[in-house]
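Chemist: Got a structure for you, written out below as structure tokens; questions coming shortly.
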Amino acid sequence: MILGAIIAGGQSRRFGSDKALASVDGKPLLDHVAEALAAQTDAIIVVGRSWPGITSIADRPTLDQGPLGGLCAALHHAQAHGFETVLTVGCDILPLPAHLPALLAPGSAVVKGQQLIGLWRADLASALEDYLESQPDRAIRGWMATAAVRTVTLDASFHNLNTPEDLAAFTKDQAA
């Protein structure tokens with residue numbers, strides 16, 4: 001079973017407002033990501049914030065761990081609820097290709113250039129928590145090297161919507 005986890009605990013500093021709420025085709029960005037993820041997983045959660053209609057959990061082991069704190073929480077949640085793997089994505093990345101789990105399997109892997117899009121073995125939960133408690137480096141790349149995570153190149157175009165300009169460019173591309 002695959003748990004979908006939307007990593008959404010960032011502060012949207014570059015965006016200037018809550019980017020999860022940014023409107024794309026009349027609905028919040030996070031809802032678009034949730035729909036795409038739900039179509040590929042057995043259940044979804046939001047990590048790092050509360051969101052209506054979706055199970056929401058806090059980062060682990062503490063807040064302010066960056067995306068790795070979100071991943072750690074998702075892995076622990078997956079283990080506690082019988083999921084073998086977790087498919088992660090940031091709340092600000094569109095579009096998501098169909099069949100991401102198959103594209104990233106087997107084992108743990110991330111998309112080249114988009115490390116928040118990843119398929120992770122749930123049994124890495126304790127190792128990641130130990131890593132977060134012992135390493136000052138919170139970069140995903142450091143954890144990837146420790147956990148022997150593969151990088152997969154996909155023939156897909158992703159838009160990481162970090163700024164209002166990114167959102168405008170994505171909207172323009174979708175209209176074309």
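Chemist: With contacts defined as alpha carbon pairs under 8 Å and 6 or more residues apart, what's the relative contact order of the chain in percent?
Modeler: On the way: 317 pairs, mean separation 42.7, N = 176.
Over the chain, the number comes to 24 percent.
Chemist: Considering only Pro61, Pro164, Pro52, give the residue with the highest GNM mean-square fluctuation for the chain, with springs between Cα atoms whenever their separation is below 10 Å.
Modeler: It is Pro52.
Chemist: How much net charge surrounds Val47 when only the other residues with a Cβ under 12 Å from the Cβ of Val47 are counted, with Lys and Arg +1 and Asp and Glu -1? Walk me through the intermediate numbers first.
Modeler: Numbers: positive: Arg49, Arg60; negative: Asp59.
Taking every other residue near Val47 into account, the sum is +1.
Chemist: Okay, next question. Under the 0.36 nm per residue contour assumption, what length would be gained going from the current alpha-carbon distance of Glu84 and Ser134 to full extension? Please report the intermediate quantities before stating the final value.
Modeler: Numbers: separation 50, 0.36 × 50 = 18.00 nm, distance 2.53 nm.
Taking Glu84 through Ser134 to full extension adds about 15.5 nm, to one decimal.
Chemist: Rounded to two decimal places and with Rh computed the Kirkwood way over Cα pairs, what is Rg over Rh for the range 2-175? Don't skip to the answer; put the middle values down first.
Modeler: Working: Rg = 15.1 Å, Rh = 16.0 Å.
We get a ratio of 0.94 for the range 2-175.
Chemist: A further question follows. With springs only between Cα atoms under 10 Å, which of Gly66, Gly26, Gly118 fluctuates most in a Gaussian network model of the chain?
Modeler: Most flexible of the set in this elastic network: Gly26.
Chemist: A follow-up question, please. With Cβ to Cβ distances under 12 Å as the rule, what net charge do the other residues near Ala73 carry (K, R +1; D, E -1)?
Modeler: Details: positive: Arg49, Arg60; negative: Asp59, Glu129.
Residues near Ala73 contribute 0 overall.
Chemist: Under 10 Å, Cα contacts only: if you run a Gaussian network model on the chain, which one of Ala122, Ala139, Ala105 comes out with the highest mean-square fluctuation?
Modeler: Most flexible of the set in this elastic network: Ala139.
Bear in mind these aren't lab numbers, they're just calculated from the coordinates by the rules spelled out. Because the structure is a prediction, the values reported are computed rather than measured. Note: ideal-geometry Cβ built from the backbone for every residue, glycine included; neighbour counts use all protein chains shown.
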